[in-house]
Amino acid sequence: MIAVRGRLLVTVLGGVLVLVIVAAALAWRQYADSRDAALNQVRARAVLAGTIFDTYFSGSLATLTAIAAAPAVVATDQPAMTGYLKRVQPSGGKGFTGGIAWIDTTGAWRVSSTTPTAAAIVNVADRLYFKSVMATDKPFVSEGITTRRSNEHAVVIAVPTHDASGRLSGVLAGVLLVGPSAGQSSSSVDLGYKGLAVFDREGQSVLAGFTRARNTALLARLEKAGAGGGVLDDTPGLAGSQHHVVAYAPSVVPSWTVVIDQPRSTVLAAARRSLLLALALIAGVAAIVLLLIVRTVRRARREADRGEAQAQQQRELAGVLAAASAVSDVARALAGSLETAFPGSLAIVALAAEDRLGVRIAATAGDGFDRAAHAHAITQVAEDAFAAPVPIALFGEAELASGAPLVSAAFRASRSSLYACPLVTGADARALDESEQALVAAQAAQAAVAIERTRERERDHDAAVRLQRSLLPERLPAIDGLDLAARYNAGGTGLEIGGDWYDVVHRGDGLVHLTVGDVAGRGIGAATLMGQLRNAFRAYALDHESPGEVLRRLLRHVAGDEMATAVIVTLDPRSGEVRYASAGHPPPLLLDRSGAVSLLDQHNAPPLGAPEPEMLGEGRLRCAAGSTIVLYTDGLIEHRDASIDDGIATVVAALSANALLSAEALADAVLDRAAATGDLADDVALLVARVTGVPEPRPGPGAGSGSASVVGAG
């Protein structure tokens, strides 16, 4: 029997060892997957940063290209060009922080939005951006340079200009001033961009005062890498420090290299924590299993010893009983054997009288019995036991007080259990044993792993949401006679950027262009096209009064395999005249003070990328003070298991019920109503313009205009 038990123990221990090895291997595999995921995440951030730079420069190039097509630039009318550039890029404005300049074919800096006309002419014929544009007749983004007039660090975005006959007439240059950064903001660190560096084609760090990396060999290797970018694990960093993770990606438009350089311990911290937690859990579970085995073996051994002892007691009792010659001897032997089998108990043997009319206490064993105080209670229990069909078993003070109140009162809590044949034993308090405590500890460890995993997903989402929100402007322009409100509601989370956007441009002549657009698809391509359309719209909106003409101009920015929808509403707050044009977009809604809603659904052409320019028409109407125009993307009206008509009807109902609210309150009411009737699974861009009255007369031409745009990642 002992040999069999030993073989069983060895088998069980071997099984536990195999399970521990398998679990450890799975934990290591999970760590490897987490490590690869962390490295891929850093690479994805580098690719995303490169895409953002490409989107920004693509938009800037589109803006400069649109400016280069202006009549003053085409005519090379320098006085007119000066006024035009100062209107497009006012001093201290956003966009091209160093201004916009026109350079003739000799390299002479002739016109500038920031330099007085009488200033000395600077020649930039030796600059690479000038030579490249003149040689290729194509746009070009410079490396980091130092300006000759103000001795500031800058990046120059240059596009060719042509005269009316199409001949190259010069270069239009937009200057972006680049200041040295003392460190990275907490928001960029939260988004996972700690250690971000951007190097131009000359190997200069654009974000660090055009300094050069100490590890030039690493930078040369990154610049020669493939177009998709990549990540290097456990490599010397840009500063030469060992054990770094370096993720890199090209920014194609400016031919720069985006690098995220972080210590390996930082990047893999979460994966290592998960591994250590998993190993600790495995060790804990293994310890629990071994402890249970040991406890089981010990319990089995104790039970075996107890069984052997009981068997020995039975043999001894049998021998004593066989030798007994009187009833009292039998009673004393039985009481002594019971007290030995249950140490600490009080064993009492009561015998029924031969006439079955009563019982008597024949023998006791153990401490605590007082015949004068306890005899009546014990004899009463014995009589009940004789009469009961099964033994009396009472465990705990409550059961004892209820089932045998005389015994409970007689012993006064010194005994708390009773087994009647009869046998009074000590207390048996119930508490969690060691195995139950270990089980609670194991469940707590499993919960800790789930919490860590959930927190990690939240942090990634938050990062995505903060990244999307960082693309939105702080406010819309303040326009006399209009109450404006805009909302962007992200339908999902993630780092994918999409194409929902809206924009408001207030022209110098008082006209207001409102637009909402949606680029098909998600990801880098959609974000790039959205940025191009948004920037092109801003430029065309300043040059053209007609919304249809602005849409026709936008057609040139959508290639054959791309598609986008857009609607433009042009409002004259002074006269109340409204003109609108749509390319495949859901119709704007016009709400009057009475709550009536009209759909502006005339002259709707196919989406951008499909129609010919002549297919884009315009609708016209007039609106009175108190009227509200609502523009939106399809995410507001498209819901699962419902038609688009039902979605529009929901929005119309929300508008009718809140006709007198302000633009801000009305925008919230529309989103709340749409969310209550659908899941808003797609991104939503919403623009609300309420006509509050006739504005005050504006200053004459040249007084400037303001604009604001919103880009949503959908």
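The values are calculated or read from the model by the stated rules, or taken from the named source; none is laboratory data. This one's a predicted model, so the numbers in the text were calculated from it and none came from an experiment. Here the Cβ is made from the backbone with ideal geometry for all residues, glycine too, and neighbour counts use every protein chain on show. For accessibility, only protein heavy atoms count, side chains too; no ligands or nucleic acids. Shrake-Rupley method; radii C 1.70, N 1.55, O 1.52, S 1.80 Å.
Can you find a residue that is open to solvent by 70 Å² or more (accessible area, probe 1.4 Å), in a helix (DSSP H, G or I) and either touching a residue at least 60 places away in the same chain (Cβ under 8 Å) or at positive phi (or both) anywhere in the stretch 38-52? Looking for residues that are open to solvent by 70 Å² or more (accessible area, probe 1.4 Å), in a helix (DSSP H, G or I) and either touching a residue at least 60 places away in the same chain (Cβ under 8 Å) or at positive phi (or both), one finds at least one in the stretch 38-52, hence yes. From the residues in the stretch 504-557 that are of a type in the set (Asp, Glu) and touching a residue at least 24 places away in the same chain (Cβ under 8 Å), which one is least open to solvent (accessible area, probe 1.4 Å)? So, considering only residues that are of a type in the set (Asp, Glu) and touching a residue at least 24 places away in the same chain (Cβ under 8 Å), the one least open to solvent (accessible area, probe 1.4 Å) is Asp518. Applying the set (1) surrounded by fewer than 18 Cβ atoms within 10 Å (Cβ to Cβ); (2) modelled with pLDDT of 90 or more; (3) not polar (S, T, N, Q) to Ala610 leaves exactly one unmet item: (2).
Looking for something in contact (Cβ under 8 Å) with a residue 40 or more places away in the chain, within 23 Å of Thr55 (Cα to Cα) and aromatic (Phe, Trp, Tyr) - is there at least one such residue anywhere in the stretch 121-130? Scanning the stretch 121-130, I find at least one residue that is in contact (Cβ under 8 Å) with a residue 40 or more places away in the chain, within 23 Å of Thr55 (Cα to Cα) and aromatic (Phe, Trp, Tyr), so the answer is yes.
When restricted to residues that are within 30 Å of the chain's Cα centre (by Cα) and hydroxyl-bearing (Ser, Thr, Tyr), the stretch 11-34 contains 2. A single member of Ala239, Ala213, Ala217, Ala225 is of a type in the set (A, V, I, L, M, F, W, C) and touching a Ser or Thr at 6+ places or on another chain (Cβ under 8 Å), and it is Ala213.
When residues in the stretch 271-305 are screened for being of a type in the set (S, T, N, Q), buried (at least 16 other Cβ atoms within 10 Å of the Cβ) and more than 33 Å from the chain's Cα centre (by Cα), 0 of them pass. Annotation note: Cβ proximity below 7 Å between a residue of the stretch 209-236 that is polar (S, T, N, Q) and a residue that is part of a loop (DSSP other than H, G, I, E, B) (sequence gap 6+ or interchain) occurs for Asn215/Pro236; Asn215/Gly237; Asn215/Leu238; Asn215/Ala239; Asn215/Gly240.
Screening Asp234 against (1) surrounded by 14 or more Cβ atoms within 10 Å (Cβ to Cβ); (2) in a strand (DSSP E or B); (3) not aliphatic (A, V, I, L, M) leaves a single unmet condition, (1). Take Ala225 and decide whether it is open to solvent by less than 50 Å² (accessible area, probe 1.4 Å) and either at pLDDT 90 or above or touching a strand residue (DSSP E or B) at 6+ places or on another chain (Cβ under 8 Å) (or both). It is true that Ala225 is open to solvent by less than 50 Å² (accessible area, probe 1.4 Å) and either at pLDDT 90 or above or touching a strand residue (DSSP E or B) at 6+ places or on another chain (Cβ under 8 Å) (or both).
Per the conditions (1) within 20 Å of Arg167 (Cα to Cα); (2) open to solvent by less than 30 Å² (accessible area, probe 1.4 Å); (3) among the small types (Gly, Ala, Ser), the sole criterion not satisfied by Ala69 is (2). Looking across the stretch 578-587, the residues that are within 21 Å of Gly510 (Cα to Cα), open to solvent by less than 20 Å² (accessible area, probe 1.4 Å) and of a type outside the set (Gly, Ala, Ser) come down to Val578, Tyr580. The residues of the stretch 554-587 that are of a type in the set (Lys, Arg) and within 19 Å of Gly626 (Cβ to Cβ) amount to a single one, Arg574. Comparison of Ala669, Ala663, Ala676, Ala659 shows that the only residue that is among the aliphatic types (A, V, I, L, M) and farther than 26 Å from Pro573 by Cβ is Ala676.
Yes or no: the stretch 629-652 includes at least one residue that is touching a His at 6+ places or on another chain (Cβ under 8 Å) and more than 13 Å from Pro588 (Cα to Cα). Yes, because at least one residue in the stretch 629-652 is touching a His at 6+ places or on another chain (Cβ under 8 Å) and more than 13 Å from Pro588 (Cα to Cα). Is it the case that Gly595 is within 22 Å of Gly626 (Cβ to Cβ), in contact with a helix residue (DSSP H, G or I) (Cβ under 8 Å, 6 or more places away or on another chain) and surrounded by fewer than 18 Cβ atoms within 10 Å (Cβ to Cβ)? So Gly595 fits the description; yes. Cβ separations smaller than 9 Å between residues 6+ apart or across chains give the following pairs from the stretch 246-264 residues that are within 23 Å of Val156 (Cβ to Cβ) to residues that are open to solvent by less than 10 Å² (accessible area, probe 1.4 Å) and in a loop (DSSP other than H, G, I, E, B): Pro254/Ser142; Pro254/Asp200; Ser255/Asp200; Trp256/Asp200; Thr257/Asp200; Thr257/Gly203.
Let's see how each residue does on (1) in a strand (DSSP E or B); (2) of a type in the set (Ser, Thr, Tyr); (3) touching a Leu at 6+ places or on another chain (Cβ under 9 Å):
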| residue | (1), (2), (3) |
| --- | --- |
| Val567 | yes, no, yes |
| Ala581 | yes, no, yes |
| Arg593 | no, no, yes |
| Ser598 | yes, yes, yes |
| Gly617 | no, no, no |
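Taken together, Arg620, Arg640 contain a single residue that is surrounded by fewer than 21 Cβ atoms within 10 Å (Cβ to Cβ), among the basic types (Lys, Arg) and within 23 Å of Arg522 (Cα to Cα), which is Arg640.
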